[in-house]
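Colleague: One structure coming up, written as structure tokens, with questions to follow.
Nothing in this text is a laboratory measurement; each read-out follows from the coordinates by a stated rule. As the structure is a prediction and not an experimental result, all values here were calculated from the model. Cβ placement follows ideal geometry from the backbone for every residue including glycine, while neighbour counts extend to all protein chains displayed.
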Amino acid sequence: MLHIIKSSPFSKSTFIDSIAYFDDGDAVIFIQDAVVITASQHKYAKILQDQMPKVSVYTLTEDLNARGLNCILGQQVSYPEFVELTVTHLQIQTWN
Amino acid sequence: MLRAAFVTRQAPHGTSLARETQDAILATSALTEELSVFFIGDGVYQLASQQNPQAIACRNFAPTFAMFELYDIENIYVCADSLLERGISDIDLVIDVERLTQPEINQRIRQHAIILNF
């Protein structure tokens, strides 16, 4: 399953809520305001790191660049690669 | 694999999202019977039976959950852990729903081809 996370964990609990639904082999992509999760060291980055043996982590480059941020966790992907992830994963859950 | 899972995570009345999710579920039920509904997180508050939102100019949409049965929506689940975490495990719910633990909910969601999370 591919989880799509869209909001900043500093203003909404969506990211924390989603973690209990991560299974082995799942992928997680951070887009929109959620790119702050992988952009620096903070408590939510630590929480994500604890999940990283279990899930593959991706962050959308365009959203990072738009905010002047750099990815320090997982892998950066472009829009076309994001689309590819949505095609290669049979199930997708977008956490609004 | 079942067709569609609706995962509803919003408390009622603060925003219209919970009510609009209910509308979407009812509308989708016209297209498929292979549909499940999962109330998790703050979404469990939608099921409380003693709501009186008219006082804050909101529609009381909880009684409309009773329509699910008429629309042949039978797979309805609530997260027992979310109820427990909020201290409302013993309140009356508007409809009969199956109580599952969080891991059981997760497992059940994964039996669906399409997952719509609100």
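Colleague: Kindly check whether there is at least one residue in the range B:7-15 that is exposed (fewer than 14 other Cβ atoms within 10 Å of the Cβ) and either under 21 Å from A:I16 (Cβ atoms) or not aromatic (F, W, Y) (or both).
Modeller: Checked the range B:7-15: at least one residue is exposed (fewer than 14 other Cβ atoms within 10 Å of the Cβ) and either under 21 Å from A:I16 (Cβ atoms) or not aromatic (F, W, Y) (or both).
Quick grid of which residues meet (1) away from chain B (no Cβ under 14 Å); (2) on the phi < 0 side of the Ramachandran plot; (3) touching a Gly at 6+ places or on another chain (Cβ under 9 Å); (4) surrounded by 15 or more Cβ atoms within 10 Å (Cβ to Cβ):
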position: A:Y58; (1), (2), (3), (4): yes, yes, yes, yes
position: A:G68; (1), (2), (3), (4): yes, no, no, no
position: A:V77; (1), (2), (3), (4): yes, yes, no, yes
position: A:L85; (1), (2), (3), (4): yes, yes, no, yes
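Colleague: Restricting attention to the range A:28-37, does a residue exist that is touching a residue at least 12 places away in the same chain (Cβ under 8 Å), of a type in the set (S, T, N, Q), under 22 Å from B:Q10 (Cβ atoms) and within 14 Å of chain B (Cβ to nearest Cβ)? Break it down into steps so the answer makes sense when it comes.
Modeller: Within the range A:28-37, the subset touching a residue at least 12 places away in the same chain (Cβ under 8 Å) is A:28-37.
Imposing the further condition that a residue be of a type in the set (S, T, N, Q) reduces the set to A:32.
Narrowing the set further to residues that are under 22 Å from B:Q10 (Cβ atoms) leaves A:32.
Pick out the ones that are also within 14 Å of chain B (Cβ to nearest Cβ) and you get none.
Taking every residue of the range A:28-37 in turn, none turns out to be touching a residue at least 12 places away in the same chain (Cβ under 8 Å), of a type in the set (S, T, N, Q), under 22 Å from B:Q10 (Cβ atoms) and within 14 Å of chain B (Cβ to nearest Cβ).
Colleague: Looking at the range B:84-105, I want the residues that are touching a residue at least 12 places away in the same chain (Cβ under 8 Å) and have a partner that is of a type in the set (D, E) and surrounded by 15 or more Cβ atoms within 10 Å (Cβ to Cβ) with Cβ atoms under 7 Å, at least 6 apart or on another chain. Which pairs are those?
Modeller: So the pair list comes out as B:T101/B:D81; B:Q102/B:D81.
Colleague: Identify all residues within the range B:34-67 that are touching a strand residue (DSSP E or B) at 6+ places or on another chain (Cβ under 8 Å) and surrounded by fewer than 21 Cβ atoms within 10 Å (Cβ to Cβ); write none if there are none.
Modeller: Correct list: B:E34, B:A48, B:S49.
Colleague: Pick from the range B:106-118 the residues that are within 13 Å of B:L2 (Cβ to Cβ), of a type outside the set (A, V, I, L, M) and in contact (Cβ under 8 Å) with a residue 12 or more places away in the chain: which of them is nearest to the other protein chains (Cβ to nearest Cβ)?
Modeller: In this case the residue turns out to be B:H112.
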